[in-house]
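Okay, so here's the structure we're looking at.
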Amino acid sequence: MKLVGESPVFLAATGALARMARFDVPILIEGETGTGKELAARVVHYQSARGHRPFIPVNCGALPEALVENELFGHERGAYTDARESMPGVIALAEGGTLFLDEIDALSAKAQVALLRFLQDQRYRPLGAHGERRADVRIVAAANRNLEQLVERGDFRSDLFFRIKILFVTLPPLRLRVGDATLLAEHFLEECTRRFRQPRKRLGRQMELWLETYHWPGNVRELESLIVRECLMTEGSTLGRPLCDDTVSPEPPATSYAAAKAAAVADFDRRFLRALLTRASGNVTKAAAEAGKDRRALGRLVKKYGLRSRDFRS
């Protein structure tokens, strides 16, 4: 199990995860859908002192509001009409290990209260039980949306937010991970040929060029699905441009390598600068500090691509 990538933004995130794994406190992993948050949580778990104990993933968006406490804490026999036998909740199943709460931003208000109550002292009471129980569980949570913004809008409890965001990291989207799309594609291609016992295949030049210029709205998950499809449907030994043009962007027009590379770099610069200025609310000095660039150099890039700092002020 590993996180694949060599881009600076990706290595910064994985370096942070490796350090966080050493400290037994809650972690919040944020990032767009498909960026690999569950895989990152598993890496944290297996690099930690709890790695030999259970890793229990829970999709918070799938928890029925009426059954939240039952799912989290379990129940005793006879706790309600259909409770014919005792059943442990996910907290008990994760004892000694890690409870991964995916899509925590989807929790209802009732579920947030139930979880907060547990996080305060790691004590809980199964439905129908006479006394409390204590758990030894590490919480790693993941969110597709920015929790801080949800707190400001009143859609997520601030006290729960501060309980789970002791350590935190944001996984970068694939479109900002320059060069990683090709590395990941090669990794998925090797896995696919081994899993389905296919002849050895490689990425063609046109595929490599396309991989680095596509926007990847579905991130790593979209890339993996694409490579599996292309691997299985390509007759020869070389993967050219994607076969299913109705689900992916068209192949870049034929051009020289230098021109194609320049276009890809310019596209990355624009997207990177937009994201950077958005986070800095249009403050070029703050943006330059975050990017590790000289302010004047960053200002020239902003001007080069026709961006205006005032357009990003909140």
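Quick note: the coordinates plus some simple rules give every number you see, no bench work behind them. Everything quoted here is computed from the prediction, not taken from an experiment. Ideal geometry is used to build each Cβ from the backbone, glycine not excepted, and the neighbour counts take in all protein chains shown.
One table, with the values for the structure above:
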| item | result |
| --- | --- |
| Helix-derived mean residue ellipticity, 222 nm - over the chain, DSSP H n ≥ 4, -39500 (n - 2.57), to 500 | -13500 deg cm²/dmol |
| Amide H contacts under 5 Å for Phe168, placed H, 5+ residues apart | Leu28 |
| Cut-off under 5 Å, modelled amide H: who pairs with Leu203 long-range | Leu239 |
| Of Lys37/Lys110; Lys2/Lys201; Lys2/Lys165; Lys110/Lys286; Lys2/Lys293, pairs whose Cα-Cα distance is over 28 Å | Lys110/Lys286; Lys2/Lys293 |
| Note, ³J(HN,Hα) from phi for the stretch 194-199, Karplus 6.51, -1.76, 1.60, rounded to Hz, x at Gly and Pro | 6, 5, 9, 6, 8, x |
| Charged-residue dipole, Cβ positions (Lys, Arg, Asp, Glu), the stretch 1-124 about Cα centre, Debye nearest 20 | 460 |
| The stretch 88-126 versus the stretch 15-70: alpha-carbon centroid distance in Å | 12 |
| DSSP-assigned coil residues among GluC sites (Glu not before Pro) in the stretch 75-111, each with at most 14 further Cβ atoms within 10 Å | Glu85 |
| For Lys293, Lys304, order by how many other beta-carbon atoms lie within 10 Å, fewest first | Lys304, Lys293 |
| Cβ charges +1 (Lys, Arg) and -1 (Asp, Glu), total dipole of the chain, debye | 1200 |
| Of Lys37, Lys201, Lys303, the one that fluctuates the most in a GNM where the chain has Cα springs shorter than 10 Å | Lys303 |
| Of Leu17, Ala135, Gly236, farthest towards positive along the dipole that unit charges on Lys, Arg, Asp, Glu beta carbons give the chain | Leu17 |
| The stretch 8-172 shape via C-alpha gyration tensor axes, a/c threshold 1.5 | prolate |
| Under-5 Å amide H pairs with Val137, H placed in peptide plane, nonlocal only | Gly96 |
| Integer Hz, Karplus 6.51/-1.76/1.60 couplings in order for the stretch 148-163, x for Gly and Pro | 4, 5, 5, 5, 4, 7, x, 9, 9, 5, 5, 5, 5, 4, 6, 6 |
| 10 Å Cβ shell holding at most 10 others, DSSP loop, chymotrypsin sites (Phe, Trp or Tyr not before Pro): longest site-free stretch of the chain | 197-314 |
| C-alpha center-to-center spacing [the stretch 219-244, the stretch 149-204] in angstrom | 18 |
| Test item: Cα-centred dipole of the stretch 264-312, Lys/Arg +1 and Asp/Glu -1 on Cβ, debye | 160 |
| Calculated from backbone phi, Karplus (6.51, -1.76, 1.60) coupling profile of the stretch 105-119 in Hz, x at Gly/Pro | 5, 8, 5, 6, 4, 5, 5, 4, 5, 4, 5, 4, 4, 6, 5 |
| Contour excess over end-to-end distance, with Cα ends at Val265 and Leu119 and 0.36 nm allotted per residue | 48.1 nm |
| Shape of the stretch 89-129, Cα gyration tensor, a/c cut at 1.5 | oblate |
| Whether the chain is rounded, prolate or oblate, judged on the alpha carbon gyration tensor where a/c under 1.5 counts as rounded | oblate |
